[in-house]
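Let me give you the structure first, and then I'll get to my questions.
The values are calculated or read from the model by the stated rules, or taken from the named source; none is laboratory data. Owing to the predicted nature of the structure, the values given are computational and were not obtained by experimental measurement. Ideal geometry is used to build each Cβ from the backbone, glycine not excepted, and the neighbour counts take in all protein chains shown.
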Amino acid sequence: MNGALTRHFSPAWFFLLPTIAVMGTFLFYPVILAGVMAFQQSSGALAVEWIGWENFQFVLSDPLFYRAARNTLIFAAFSIFLQLPLSLGLAMLLNAKGDRTKGFFRLIIFSPFLVGPIFVGILFAVLFTPRFGMINRFLQYLTGWGLEVNWLSNPAFVLPAIILTALWMYVGFNMIYFLAALQSVSQDLMDAARVDGAGPWQRFLHVTVPAIKPVAVFVVIMSTIGSFQLFELPFALLQGTGGPDNAGLTLVMYLYNHAFVSGDLGLGAAVGWILAMAIFTISMVQIKVSKGGDH
Amino acid sequence: MYFPPGKVILTLVVMVAVAAGYIGVQRAQFAATPPPDLHFLVFSRAHYERYRAVLPEFEAEEGVRVHMTLLNWNSLRNRLQAIRIAGLPMPDLVEFERSQFGALVRGPLDLVPFEPLNERLEATGLIDQFAPGRLELWTRAGRHFGVPKDVHPVMLAYRRDILAELGIDPAELTTWERFVAVAREKIVADLTGNGIIDRYAIDMSLTGNPELTQILIAQRGIDLFDARGRPLMHNADLADLIVWYHEQTTGANRISFPAGWGQNLAQALTSDLVVFIMVPDWRTRQIEMDMPGMAGKFGLMALPAWEEGGGRTSTFGGTGMFISRQSENPEMAWRLAEFLALDETLLESSFRRTNIIPPFAGAWDLPVFDQVNAFWQEPLGRRFIEVAGDVPVIHPSPFYGLALDRIANVLARLRRHARHLDAEARFDFVMEELGVIQSDIEQLIERDRFLSEEERL
């Protein structure tokens, strides 16, 4: 018996135990509990009733959920198709050799990420102020229009304002990933392509892109997940509301409102599970699509 | 020294041992300190500081030890929600803000984590001393769970110098109709002739900042929920108010500018862009702090009524004190609540520090409320007390915030469609939208399986 135990007990388990304990307590247990709660209506620990799929039925028939999902998807699309190309472009600019100022610019472009979404949200709420906001004044100075634009009060401008703010905040963060990937692109391959007569675009497409693809896929997936989890930035920017006509309501804000403002945790848990499933599915699709070109 | 698993592991083991030792010492010290008799949670730094000054007096009188903790507004909400969800003991006494009440008292009435105070309020006679409507703010199904800490009546602050220059007597602005007419005729102006309006009459959020809209909704006598928590949004008065609000905030005839909060608001007021602003008592203190250079330039008047002789005030915000149902010493918690709510020294220092008047009519005779405020150059407390008796009743609901958000959304949608609609069609459009809100909120209420019989729709 003792022999069998010793044989099967690897010291690795000893070292894994703290991680398993922490992950089990703070990750797996809450996830399982949230799964259970999604099928309950509860009010405190003592008032719990099983209600089956009712929370999911309510969420999936609520037009506000679809509004939040639409806003979130639009934001995610802009993150991937606007923010990431910009990050890559900046990374390529700052990857150029011989420029002594690039360290300074890397820091400047990355620094918005350091201050955090709440601060950025509050800052941009001030910048977007009609009449006095710096953005409005700059627009007015440049084009003769824009002084009175109510970015955060006009449903048509709310999502663009959030996207612009997120762009300012996250473009430098993603740039760092691309920069690291670009620095690992083999110079020999680049030189060989140049000798073979490949132009800058061809070198980018056939040498750079394949070399940075694993990082790019990682960044796309992380951006997608981050976009689906968008909360603090619009929350601070729109002062805790979903904005006019819920034009800035995201899925996590929808979850927060039900779970913590109105106090219906079961409903919040159901939204959480739907969100998790959506992120999981989209990430799987992205991984599959990105593998499709590997031959 | 030889350690077979290696130096890294040894370092980790040493770090864990040091951390464990430190925690052990801390725990021992904590265990050696006698536990306090009462735990008290607050979210307002101003309250915390003033309570801290007077708590030793209470502790000495009662022979107890009170442990008071200050938490940020959001942290307090999260802490209370977590306590409620996990069924952990609630601190003996808690102070929180009005918007949190509905969610914190959801669930079966007998499992609400706070003690109903009806008997205590009746036994002490306090029940008859509150300004009207203040107890209702903290009441569910007839149970008064909170001791009100304020009234927060709303008045209009105006730029005294600008009105004098324009020859406008604020005493004549008795109704909103008159106010709008005077605003259009004399206040709203493009002073430089560049096509940009340089002066607006009043600060109003374009999309109806939920809290600011709520001021007007309440003043108009519209309660969004009844005493049983049933929604009352499908309401012609509310539709009329929304159409009115739209007209004052949109288009060439608008009289308002969305000045926002903090520095933006300060800039709008100091640069003469906005002349009037709605102020509850607490906001007057913010104005003093944000615009110290404007001392003497502001005056106060009652809100214009919706109809001649109608209500001239509203309310904005509110804090209450709650005794935990699980408190081991509810009697002492109640005595502390009474002390903090009624102690005259505390009420006076509170007013001096925050401009907030107390909710007890019995305390309104204190001389401090008649003192002339140096910034406003009038007895600020008395001015708010004059209207405090007319503060409208607001019934709470877990869905109150949602209802206000949805009403703001109606305004946003009305703005989008307004150009295609005449006045009557705008009203119909808003009524239809309010009907949808009502039905959606009814659906949310119907989902709640823990409502008492009297609260069911």
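In segment A:256-268, how many residues are surrounded by fewer than 23 Cβ atoms within 10 Å (Cβ to Cβ) and either under 20 Å from the mean Cα position of the chain (by Cα) or more than 16 Å from B:Gly401 (Cβ to Cβ) (or both)?
1
Continuing with this model, one more query. State whether the residues of segment A:217-231 include one that is in contact (Cβ under 8 Å) with a residue 24 or more places away in the chain and within 14 Å of chain B (Cβ to nearest Cβ).
Yes, because at least one residue in segment A:217-231 is in contact (Cβ under 8 Å) with a residue 24 or more places away in the chain and within 14 Å of chain B (Cβ to nearest Cβ).
Tell me the strands (runs of 3 or more DSSP E) entirely within segment B:3-117 that contain at least 1 residues that are acidic (Asp, Glu) and within 22 Å of the chain's Cα centre (by Cα).
B:93-97
Still on this structure, I have one more. Can you confirm whether B:Phe339 is out of contact with any strand residue (DSSP E or B) (no Cβ under 8 Å at 6 or more places or on another chain) and either touching a residue at least 24 places away in the same chain (Cβ under 8 Å) or farther than 18 Å from B:Val154 by Cβ (or both)?
Yes.
Here's another thing I want to ask about it. For segment A:49-61: of the residues being assigned to a helix (DSSP H, G or I) and within 13 Å of chain B (Cβ to nearest Cβ), which is farthest from A:Leu275 (Cα to Cα)?
My answer is A:Glu54.
Quick grid of which residues meet (1) assigned to a helix (DSSP H, G or I); (2) touching a residue at least 60 places away in the same chain (Cβ under 8 Å); (3) under 25 Å from B:Ile215 (Cα atoms):
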{"site": "B:Glu348", "(1), (2), (3)": "yes, no, no"}
{"site": "B:His395", "(1), (2), (3)": "no, yes, yes"}
{"site": "B:Pro398", "(1), (2), (3)": "no, yes, yes"}
{"site": "B:Gly401", "(1), (2), (3)": "yes, yes, yes"}
{"site": "B:Leu414", "(1), (2), (3)": "yes, yes, yes"}
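To keep it simple, each residue is scored yes or no on (1) over 22 Å from the mean Cα position of the chain (by Cα); (2) not β-branched (Val, Ile, Thr).
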residue	(1), (2)
B:Ala337	no, yes
B:Pro358	no, yes
B:Phe375	yes, yes
B:Ile385	no, no
B:His395	no, yes
B:Ile407	no, no
B:Leu414	yes, yes
B:Arg426	yes, yes
B:Gly435	yes, yes
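Has segment A:236-245 got at least one residue that is among the hydroxyl-bearing types (Ser, Thr, Tyr) and away from chain B (no Cβ under 12 Å)?
Scanning segment A:236-245, I find no residue that is among the hydroxyl-bearing types (Ser, Thr, Tyr) and away from chain B (no Cβ under 12 Å), so the answer is no.
Quick check on segment B:222-237. Is at least one of its residues small (Gly, Ala, Ser), within 12 Å of chain A (Cβ to nearest Cβ) and assigned to a loop (DSSP other than H, G, I, E, B)?
No; the residues of segment B:222-237 include none that is small (Gly, Ala, Ser), within 12 Å of chain A (Cβ to nearest Cβ) and assigned to a loop (DSSP other than H, G, I, E, B).
Taking B:Glu57 and the conditions (1) among the acidic types (Asp, Glu); (2) surrounded by fewer than 15 Cβ atoms within 10 Å (Cβ to Cβ); (3) over 15 Å from B:Asp343 (Cα atoms), which numbered condition does it fall short on, given that it satisfies the others?
Every listed condition holds for B:Glu57 apart from (3).
Just checking, how many residues over segment A:19-48 are facing chain B (nearest Cβ under 9 Å) and loosely packed, with under 12 Cβ neighbours inside 10 Å?
Residues that pass the stated criteria total 1.
Hey, could you check segment B:269-296 for residues that are away from every other protein chain (no Cβ under 12 Å) and assigned to a loop (DSSP other than H, G, I, E, B) and say which is nearest to B:Ala423 (Cα to Cα)?
B:Asp272
Among the residues of segment B:432-443, are any in a loop (DSSP other than H, G, I, E, B) and β-branched (Val, Ile, Thr)?
No, every residue in segment B:432-443 fails to be in a loop (DSSP other than H, G, I, E, B) and β-branched (Val, Ile, Thr).
Just checking, how many residues over segment A:187-200 are exposed (fewer than 15 other Cβ atoms within 10 Å of the Cβ) and assigned to a helix (DSSP H, G or I)?
7
If you don't mind, there's one more thing I want to ask. Only one residue in B:Arg120, B:Arg98, B:Arg79 is touching a strand residue (DSSP E or B) at 6+ places or on another chain (Cβ under 9 Å), of a type in the set (Lys, Arg), within 14 Å of another protein chain (Cβ to nearest Cβ) and closer than 27 Å to B:Gly362 by Cβ. Which one?
After ruling out the rest, the residue left standing is B:Arg98.
Related question: For segment B:307-334, which residues satisfy the criterion of being in contact with a Ser or Thr (Cβ under 7 Å, 6 or more places away or on another chain) and part of a loop (DSSP other than H, G, I, E, B)?
Of everything in segment B:307-334, those that are in contact with a Ser or Thr (Cβ under 7 Å, 6 or more places away or on another chain) and part of a loop (DSSP other than H, G, I, E, B) turn out to be B:Glu307, B:Glu308.
Can you find, within segment B:124-154, the residue that is farthest from the other protein chains (Cβ to nearest Cβ) among those that are charged (D, E, K, R) and in a helix (DSSP H, G or I)?
Ranking the candidates gives B:Asp128 first.
Anything in segment B:98-126 that is closer than 16 Å to B:Ala337 by Cβ, of a type outside the set (Phe, Trp, Tyr) and touching a Lys or Arg at 6+ places or on another chain (Cβ under 9 Å)? List them, or say none.
If the condition is that a residue be closer than 16 Å to B:Ala337 by Cβ, of a type outside the set (Phe, Trp, Tyr) and touching a Lys or Arg at 6+ places or on another chain (Cβ under 9 Å), then B:Pro113, B:Glu115, B:Pro116, B:Leu117, B:Asn118, B:Leu126 are the ones that fit.
Quick check, is B:Arg383 buried (at least 17 other Cβ atoms within 10 Å of the Cβ) and of a type in the set (Lys, Arg)?
So B:Arg383 passes the test.
Pick out the one residue from B:Ala82, B:Ala86 that is without any contact (Cβ under 8 Å) to a residue 12 or more places away in the chain, in contact with a Leu (Cβ under 8 Å, 6 or more places away or on another chain) and loosely packed, with under 14 Cβ neighbours inside 10 Å.
When all the criteria are applied, what remains is B:Ala82.
Could you check segment A:69-148 for helices (runs of 4 or more DSSP H) lying wholly inside it with 3 or more residues that are without any contact (Cβ under 8 Å) to a residue 24 or more places away in the chain and loosely packed, with under 13 Cβ neighbours inside 10 Å?
By residue number, A:102-114, A:134-143.
For every residue, the table says whether it meets (1) crowded, with 22+ Cβ neighbours inside 10 Å; (2) in a helix (DSSP H, G or I).
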position: B:Glu122; (1), (2): no, yes
position: B:Leu156; (1), (2): no, no
position: B:Asp161; (1), (2): no, yes
position: B:Phe179; (1), (2): yes, yes
position: B:Arg184; (1), (2): no, yes
position: B:Gly195; (1), (2): no, no
position: B:Leu212; (1), (2): no, yes
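Any idea which of (1) crowded, with 17+ Cβ neighbours inside 10 Å; (2) more than 14 Å from chain A (Cβ to nearest Cβ); (3) farther than 26 Å from B:Glu454 by Cβ is the one B:Gly63 doesn't satisfy?
(1)
Just for helices (runs of 4 or more DSSP H) wholly inside segment A:201-295: which have at least 1 residues that are of a type in the set (Val, Ile, Thr) and assigned by TED's automatic domain parsing to the domain that holds A:Ile80?
Filter on segment A:201-295 gives A:209-228, A:251-256, A:265-292.
Being touching a residue at least 12 places away in the same chain (Cβ under 8 Å) and within 13 Å of chain A (Cβ to nearest Cβ) is the filter here; which residues of segment B:419-438 pass it?
Matches in segment B:419-438: B:Glu433, B:Ile437.
In segment B:363-380, what residues are assigned to a loop (DSSP other than H, G, I, E, B) and polar (S, T, N, Q)?
Result: B:Gln371, B:Gln377.
May I pose another question? Would it be correct to say that B:Ala266 is modelled with pLDDT under 95, within 13 Å of chain A (Cβ to nearest Cβ), surrounded by fewer than 21 Cβ atoms within 10 Å (Cβ to Cβ) and part of a loop (DSSP other than H, G, I, E, B)?
Considered against the rule, which asks whether it is modelled with pLDDT under 95, within 13 Å of chain A (Cβ to nearest Cβ), surrounded by fewer than 21 Cβ atoms within 10 Å (Cβ to Cβ) and part of a loop (DSSP other than H, G, I, E, B), B:Ala266 comes out as no.
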